[in-house]
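The structure appears right after this line, and notes come after that.
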Amino acid sequence: MGKWVRRSVKLSILTLVFTGVVFCYWKARQVWRLAENMATGSLVCSVEAAIYQLDYERKKELSESLGEEWSLLDAYEYRRLAVVKGLDRGRVGRKYPGKIVDEWGRPLMIAGRKLEGQEAEFLVWSKGADGISGTKDDVVSRYGMAVPQGLVEGGS
């Protein structure tokens with residue numbers, strides 16, 4: 001009987017240790033995801049702030065190509081913006097030359113629009129961990145705002 005009790009105790013201890021390791025791994029993954037989201041959120045807000053800090057002439061030039069509907073900045077404007085504001089230092093991905101990348105190595109999306117009689121407005125976002133625009137894990141520069149429907153993959 002003592003032999004079976006010792007085996008049972010050993011098995012119980014191994015089970016507890018294994019469960020503890022799995023739980024710690026699961027918690028660490030949650031914390032890591034939170035850290036990725038926070039870092040990406042900070043980057044997204046920094047990029048949007050940099051756009052709004054552009055001098056008047058540069059912002060006017062950037063907004064000339066915009067219409068009343070949200071549209072993505074073309075590659076040329078995106079690259080100029082990144083270089084002019086120094087946002088390309090250390091954040092440009094090798095896979096996406098000229099693009100500022102998020103924590104998952106994907107390029108940030110930058111869109112703009114200019115409503116009649118108003119200044120141009122810009123929106124910056126990361127597609128999040130899943131890499132798809134318009135899902136709940138997107139990190140958008142304006143808290144609570146979703147990616148405009150016309151810019152969502154598969155959107156109209």
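The values are calculated or read from the model by the stated rules, or taken from the named source; none is laboratory data. Keep in mind the model is a prediction, meaning the values are calculated, not measured. All Cβ positions, glycine included, derive from the backbone under ideal geometry; neighbour counts span all protein chains shown.
For the stretch 122-145, the set of residues classified as in contact with a strand residue (DSSP E or B) (Cβ under 6 Å, 6 or more places away or on another chain) and more than 13 Å from Asn37 (Cα to Cα) consists of Phe122, Leu123, Val124, listed by residue number.
Listed by first and then second residue, the pairs with beta-carbon distance under 6 Å, at least 6 apart or on different chains, first residue in the stretch 106-126 and more than 24 Å from Tyr56 (Cβ to Cβ), second at pLDDT 85 or above and not in a strand (DSSP E or B), are Arg106/Lys127; Arg106/Gly131; Trp125/Asp138; Ser126/Leu108. Go through the stretch 1-90 and tell me which helices (runs of 4 or more DSSP H), entirely inside it, have 3 or more residues that are exposed (fewer than 10 other Cβ atoms within 10 Å of the Cβ) and touching a residue at least 24 places away in the same chain (Cβ under 8 Å). No helices (runs of 4 or more DSSP H) qualify here. When Leu81, Leu62, Leu54, Leu72 are checked against the criterion of being modelled with pLDDT under 80, of a type in the set (A, V, I, L, M, F, W, C) and under 26 Å from Ala129 (Cα atoms), Leu81 stands alone in meeting it. Residues being surrounded by 15 or more Cβ atoms within 10 Å (Cβ to Cβ), modelled with pLDDT of 80 or more, farther than 16 Å from Ile51 by Cβ and in contact with a Gly (Cβ under 8 Å, 6 or more places away or on another chain) are represented in the stretch 105-112 by at least one member.
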